Amino acid sequence: MNAPVAKPELSPLQRLHEQIKQLRIVTAGQDEIYALVKLMEQRYLQADEGLTQGIVHVHAANQSLHALMALLQDSQEDKHVNCQQMAALLEPIRQELQAGFEQISDVI
């Protein structure tokens, strides 16, 4: 006998999207309410896209930071990096974090 497969639990945003879709079904034929529900769904999709893009930026910055740290820690030689060089290496990471922060802040 096969064990039942557990469904992964939906995130709060996914649950909200499901509820909006249910509202669209229930309000079909009620033009004013249906239009409001469609607007809610558009706003949800915009928020979801903004959060997704923000998370992509933060993830890219995190990956870059890990790569930079690994490069610095695994160096075979005793290398000295001056402040300007370090700032240049960190600048793209700062930019990714800033972009992610701005995307997520726009949603919130």
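Couple of notes before you dig in:
- Scope the range 56-88; condition surrounded by 14 or more Cβ atoms within 10 Å (Cβ to Cβ) and of a type outside the set (Ser, Thr, Tyr); matching residues: Val56, His57, Val58, Ala60, Ala61, Asn62, Leu65, Leu68
- Pairs linking a residue in the range 18-46 that is of a type in the set (Gly, Ala, Ser) to a residue that is in a helix (DSSP H, G or I), with Cβ atoms under 9 Å and 6 or more positions apart or on different chains, are Ala28/Tyr34.
- Matching residues in the range 68-108 - criterion: being closer than 23 Å to His57 by Cβ and polar (S, T, N, Q): Gln95, Gln98, Gln103, Ser105
- Residue within the range 91-104 that is of a type in the set (Asp, Glu) and in contact (Cβ under 8 Å) with a residue 24 or more places away in the chain present: yes
- Complete set of residues in the range 11-34 that are part of a helix (DSSP H, G or I) and closer than 18 Å to Glu49 by Cβ: Pro12, Leu13, Gln14, Arg15, Leu16, His17, Glu18, Ile20, Lys21
- Only a single item in (1) exposed (fewer than 12 other Cβ atoms within 10 Å of the Cβ); (2) modelled with pLDDT under 90; (3) among the polar types (S, T, N, Q) is not met by Gln42, and it is number (2).
The values are calculated or read from the model by the stated rules, or taken from the named source; none is laboratory data. Because the structure is a prediction, the values reported are computed rather than measured. Cβ atoms come from the backbone with ideal geometry, glycine included; neighbour counts cover every protein chain shown.
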